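Notes to accompany the following structure.
FYI, it's all coordinate maths here, none of it is from the lab. Just so it is clear, the structure is predicted and the values come from calculations on it, not from any experiment. Methodologically, a virtual Cβ is constructed for each residue, glycine included, from the backbone with ideal geometry; neighbour enumeration extends over all protein chains shown.
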């Protein structure tokens, strides 16, 4: 992936030297007690859709979506050290997602509110999603509109899950930013409203649709970043597709030595995750990412 020398985002908070998990809300409240993550190793999901509603029929729904959740006062941005290659990589990928989604929203007649990304070690407080833990994997907190990542996850992705490569790592960030896009679209709030109205199995099925849409949005980012800045190198797409396969619910359940239980899926199978990332990658279209529509998943 061609990223060195490109713009770095200023929306990065580096908490890697802080340690601990103080400063976060204990959770609860609208959008507040759950986080949205990339793999089944992530503890809990949130985000959304309501039955029979399709707010992605045209991009202009952006301007009519629900207002963003109230968040606690922002802490000062702590910039990444100049010699920190991985930190610079994360900041550069985040900047690229900012450029892509700003353009998408602007063309849809809306303003893109950039998320912030928090790098931490071990654990850290969030503004409404409880304490973020490394074991949760990367996740997005709708309450404070921040992406959280312990960079040690990339070692897990490479060595334990068998998904190496910088573009696989970029896919992880783009997926979490995809959850932020869903939040801005009002999708997350609609699905949150469904939690008390449906069974656990039905809600799991909705969660799968949510996660697959975030995968598709990651593909949209890759398509548009390639069109605008030619970031892809040979083998990059294969890296992302491999990562999508390795974090499918069925693959993770098999890897853990347990039975594959479709009713428990919350993120989708390997084939589904690959399919929807590929859909976004080939189309570059937000409307093509309607995992909740008649085509199903």
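Can you order the peptides 6-12, 267-273 by their average number of other Cβ atoms within 10 Å per residue, highest first?
Top of the packing list down: 267-273, 6-12.
When the scattering of segment 110-237 is computed by the Debye formula from its Cα atoms alone, each counted once and equally, what is log10 I(q)/I(0) at q = 0.12, 0.13, 0.17, 0.21 Å⁻¹?
Taken in order of the listed q values, log10 I(q)/I(0) reads -0.52, -0.61, -1.03, -1.38.
Output the Cα-based Rg and Dmax of segment 132-183 in Å, rounding Rg to one decimal and Dmax to a whole number.
11.3, 32
Once the principal axes of the Cα atoms of segment 111-154 are found, what is the range along each, listed largest first in whole angstroms?
Taking the Cα atoms of segment 111-154, the three principal extents are 33, 21, 12 Å.
Express the C-alpha Rg of segment 158-297 as a ratio against the empirical globular expectation 2.2 N^0.38 Å, rounded to two decimals.
Taking N as the residue count of segment 158-297, the ratio is 1.05.
Segment 207-280: Rg/Rh from Cα coordinates, Kirkwood Rh?
Looking at segment 207-280, the ratio lands at 1.05.
Can you tell me how much longer the chain between residue 4 and residue 195 gets when fully stretched, taken as 0.36 nm per residue apart minus their C-alpha distance, in nm with one decimal?
Taking 0.36 nm per residue and subtracting the Cα distance, the gain is 64.5 nm.
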